[in-house]
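The values are calculated or read from the model by the stated rules, or taken from the named source; none is laboratory data. Just so you know, these numbers come straight off a predicted model, no measurement behind them. Cβ sites come from the backbone with ideal geometry, for glycine too, and all protein chains shown count toward neighbours. To get the accessible areas, we keep the full protein, side chains included, count just its heavy atoms, and leave off ligands, DNA and RNA. Shrake-Rupley method; radii C 1.70, N 1.55, O 1.52, S 1.80 Å.
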Amino acid sequence: MPEPLPSTRPEGAATLDAIRACFAGGDARHLARETGDHILNPGMGVYARWQEKPRDAAVLIGIHGTPDNPLVLLTQRTATLSSHAGQIAFPGGRIDPDDEDAAHAALREANEEVGLLADQVDLIGSLPPYLTGSGYRVIPVVGRIEGTPRLVPNPHEVADLFDVPLSFLMNPANHQKHSKTWQGQRRYFYAMPFQQRYIWGVTAGIIRSLYETVFPQ
């Protein structure tokens, strides 16, 4: 059975204003916090399945909708991709040499994957890098998607687009800790099932990182 996590904040407490306030004023203390798959699995090692130099990547936590009901944009990857096929993800990917920074990479990937234009996103800030067992150093970039953009999923990468209320994702009562056996050992990860969607792994870990950044314990 999933292990429930402590609920310290009521549903609906997280708002876009709270997120903006967290990043306002140039306070970068939250960037020093370490996040990644290894936090729930201290015996696994930071890059458990990767022996080379970590690969830099960036994802966009895109928030849109009304002030009373902000929504987070998520994608479902196609079943034909070579890695993480069919899983729930934020728009994003590797940081290319031509990218100015992580924000540029996240916006470029969002445009390639779902047709979101960079000038439709008001950047708010970045979370600490999320370190994955597969060798990625992922920088989550938070941005407010302005207006009602016409999004078109790239059929080679994205099978579907959907929204999840920010209040749902920022309610720790919805943060479950699941586990699977990997190489004979129990591996733990966050999961946030929403309707018929199973949000888990790195995506859920990044959502948890956003929660812990905005509402530190």
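Okay, here's what the table says:
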read-out	value
Counted residues, region 121-138 - those being of a type in the set (Gly, Ala, Ser) and surrounded by fewer than 19 Cβ atoms within 10 Å (Cβ to Cβ)	2
Qualifying residue in region 79-102 (condition: part of a strand (DSSP E or B), under 22 Å from Gly135 (Cβ atoms) and at pLDDT below 90)	no
Selection count where residues are open to solvent by less than 20 Å² (accessible area, probe 1.4 Å) and out of contact with any Phe, Trp or Tyr (no Cβ under 7 Å at 6 or more places or on another chain), scope region 192-207	3
Whichever residue in region 192-217 is of a type in the set (Ser, Thr, Tyr) and not in a loop (DSSP other than H, G, I, E, B) and, among such residues, is modelled with the lowest pLDDT	Thr213
Failed criterion for Asn111 (all others in (1) closer than 19 Å to Leu16 by Cα; (2) part of a helix (DSSP H, G or I) hold)	(1)
Residue within region 29-40 that is in contact with a helix residue (DSSP H, G or I) (Cβ under 8 Å, 6 or more places away or on another chain), open to solvent by 20 Å² or more (accessible area, probe 1.4 Å) and modelled with pLDDT under 75 present	yes
Subset of region 139-191 that is of a type in the set (A, V, I, L, M, F, W, C) and closer than 18 Å to Asn41 by Cα - its residue that is surrounded by the fewest Cβ atoms within 10 Å (Cβ to Cβ)	Trp182
Any chance Arg150 is among the charged types (D, E, K, R) and in a loop (DSSP other than H, G, I, E, B)	yes
Any chance Gly65 is more than 16 Å from the chain's Cα centre (by Cα) and in a strand (DSSP E or B)	yes
